[in-house]
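> Could you have a look at this structure, given as structure tokens, before my questions?
The values are calculated or read from the model by the stated rules, or taken from the named source; none is laboratory data. Here the structure is a predicted model, which is why all the values come from computation and not from measurement. Heads up, the Cβs are rebuilt from the backbone with ideal geometry, glycines too, and the neighbour counts pull from every protein chain shown.
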Amino acid sequence: MRKISFLFVCLLGISFLSSSSLSAQIRRAQAIQRVSPAQQGDPEDDSDAVFYRSLPPMRMDIPQGEDGHDHSEEPRLNIRLSKARPAQRMPQRSTLWNSNAFQTGNAQVVSEANLRTTYRTYSGNNYCAVPIVEPELEAVYASAKAHMPLYVPYRHSKVTVWQGFYYNWDKKHGAIDYGKSSVANGEDPTFGVYSIADGKVIDVKWSNGGGNVVTIEHTAPNGFKYRSTYLHLRNGFTHDINKAKQSPSSKYKKFAYKPNPSTLCWGKESQKIKVSVGQTVKAGQMIAWTGNTGSGGIGIILDDNGNFKNPTTSFNVHIHFELRIKDNNGNWVKVDPYGVYNKKSGIDCYDLDSETPYARLFAPFYPSFHNVPLQYVNQYWGYYTGMGMALQTISIDRNSGGKLMASGSFQWGLPNSWYARFYMSATSYQNYFNQYNSQGFHPRQIQVSKDSQGNPRFSVIWAKNKAGEAYASFHNRDDNNFGSLWNNYVKTKKWKLGEHVTYTMGGKRYHAGVFTNKNNGFYAYYGMSSGAFNDKFKELYSKWQLISMHVNGSTVGGLWMPKSDNYAAYYGLTPSAYQSKFNQFSAQGMRLYKLQSYNNSTRFAAIWVK
């Protein structure tokens, strides 16, 4: 790559150490008290992969019939609604998937494995189901996009979609129903309900049709607002029975007076709504338990005498979830968070692999993520970038089955001019380097993995060059060649290393990184045993901050700059241990700075900064 010279600045320290064995133990930068953030919710959670796993197929019959929800308090739309019908063939257009605004940005993504093309052509027949759209609402549905991360309101691995935005019999539902895919005899059919985003609780009430209802208003950083509503919740055994005994629905009232009520149906006394009006909630905070309250909750499975029409294990326990945005007239309009606008039409329409006619509002994965299939990062690239977030760090590694897995972090507050390219060959990396270098960009973070033939694959984030700074980037340099570069840039020109990683090909060590002329002192080490690295870390910790760390086989290395604030660094973390540390440091107000996945995505090295 091009060698750039500029200013001379003094060097404070440098050393190299040879390698030996790398300990599998976790090494940490500092001890920070473990804190469980609100996002961890209730212990009933059992699915870390809820955002990108396939929805489980239904293994039981779900009730069919009118829902009976009571929405009499909702404002009436000032538009004429025609009979719902399949949408007309949509005009063919090319757009960046899920993000029109992203087309004009500098951020880009590519996978040389051609897992997914980022651009889509909408032609009316290339998605899973043609939407059912009232013409008057087409503009509202088309305008719906994610201005902030929104998450599905459940975590239980058995939960699936019972009904889509339209019921299976084509009547408009305006919501998504979620319930367990199967319920065994004696199993409580309930599961936890969680806030889809940060927000403020604006309503907690009893509705004759919807039972216990919670509504939360969510405000994005740009001021855009959403409202999420959760119906049929449980609020304590005694409370819910007493409310049902006052219901205007005859069969619901009769059912409430039946002797020996089952807690599997009515819930436990302890299963109460956990939030109140005016309360601020965090994304992923548990707000309630699902139930069947209200005549629209359990009424479908009751006959006129308040008896079950058929034996049941689920008792129609589910959550009826609604999401609203404002139209141009200021009315709150229900929108489909999946962008499907159809009946269920087979569960695949709600899986991440599906192409939908409108934008997906639910997050396909967390903004900070690990071991997510790379295809989803590519397919939904516009989800986070479209709301103004940028990629802080990225790492691509193959799992034991050879599938490319991505780990990284999209964050607010980063510069909006940047590039990212994933899993590039050395030749492609050089070509993109030349292209972006000519535009005034330099590699900010570099991560190297290997393809199935053992060749290096580069994942790189570029940043805009700063005024007065010069950069020299390099890759595929062996020890001797790197030594020559070191002598030229560090010893002679007094530049520093701004980024550095090592990797092995054919039993030989290679280097990739960036020199920069702005040198206020640094330390750089590579090829160290775990013991030597840990000793060096302890030696430098009081005055120096680790800003880059890389594991290469049985060795570890890092870059230190003058310390500016608290930080934490670990390597050798298992996926579960990494998630635990992420939760811990996030609760302390720290953000993920750099991440490396390695050993077939079974180990992680990470740095958090204040």
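> Filter the range 502-518 down to the residues that are touching a Leu at 6+ places or on another chain (Cβ under 9 Å) and either more than 19 Å from SER484 (Cβ to Cβ) or among the acidic types (Asp, Glu) (or both) and list them by number. Full working, then the answer.
Filtering the range 502-518 for residues touching a Leu at 6+ places or on another chain (Cβ under 9 Å) gives 511, 513-518.
If the condition is that a residue be touching a Leu at 6+ places or on another chain (Cβ under 9 Å) and either more than 19 Å from SER484 (Cβ to Cβ) or among the acidic types (Asp, Glu) (or both), then LYS518 is the only one that fits.
> Right, another one. Surrounded by fewer than 22 Cβ atoms within 10 Å (Cβ to Cβ), more than 23 Å from ALA568 (Cα to Cα) and of a type outside the set (Asp, Glu): does that describe TRP486? Let's see the steps before the verdict.
Working: surrounded by fewer than 22 Cβ atoms within 10 Å (Cβ to Cβ): yes; more than 23 Å from ALA568 (Cα to Cα): yes; of a type outside the set (Asp, Glu): yes.
Yes.
> So, one more: Residues of the range 201-249 being crowded, with 24+ Cβ neighbours inside 10 Å and either at positive phi or not assigned by TED's automatic domain parsing to the domain that holds MET148 (or both), which ones?
If the condition is that a residue be crowded, with 24+ Cβ neighbours inside 10 Å and either at positive phi or not assigned by TED's automatic domain parsing to the domain that holds MET148 (or both), then GLY211, HIS232 are the ones that fit.
> Residues in the range 447-473 that are in contact with a helix residue (DSSP H, G or I) (Cβ under 9 Å, 6 or more places away or on another chain), surrounded by fewer than 22 Cβ atoms within 10 Å (Cβ to Cβ) and assigned to a strand (DSSP E or B): how many?
1
> Can you say whether LYS334 is outside any loop (DSSP other than H, G, I, E, B), within 16 Å of ILE132 (Cα to Cα) and not hydrophobic (A, V, I, L, M, F, W, C), as far as the supplied structure shows?
Details: outside any loop (DSSP other than H, G, I, E, B): yes; within 16 Å of ILE132 (Cα to Cα): yes; not hydrophobic (A, V, I, L, M, F, W, C): yes.
Spelling it out, LYS334 is indeed outside any loop (DSSP other than H, G, I, E, B), within 16 Å of ILE132 (Cα to Cα) and not hydrophobic (A, V, I, L, M, F, W, C).
> Would you call THR555 closer than 27 Å to MET389 by Cβ, touching a Gly at 6+ places or on another chain (Cβ under 8 Å) and in the same structural domain as HIS370 (by TED's automatic domain parsing)?
Numbers: closer than 27 Å to MET389 by Cβ: no; touching a Gly at 6+ places or on another chain (Cβ under 8 Å): yes; in the same structural domain as HIS370 (by TED's automatic domain parsing): yes.
Spelling it out, it is not the case that THR555 is closer than 27 Å to MET389 by Cβ, touching a Gly at 6+ places or on another chain (Cβ under 8 Å) and in the same structural domain as HIS370 (by TED's automatic domain parsing).
> Hey, another quick one. Among the residues of the range 250-287, how many are on the phi > 0 side of the Ramachandran plot and in contact (Cβ under 8 Å) with a residue 60 or more places away in the chain? Walk me through how you get there before you give the answer.
Residues of the range 250-287 on the phi > 0 side of the Ramachandran plot: 260, 267, 278, 284.
If we keep only those that are in contact (Cβ under 8 Å) with a residue 60 or more places away in the chain too, we end up with 267, 278, 284.
Looking only at that region, the number is 3.
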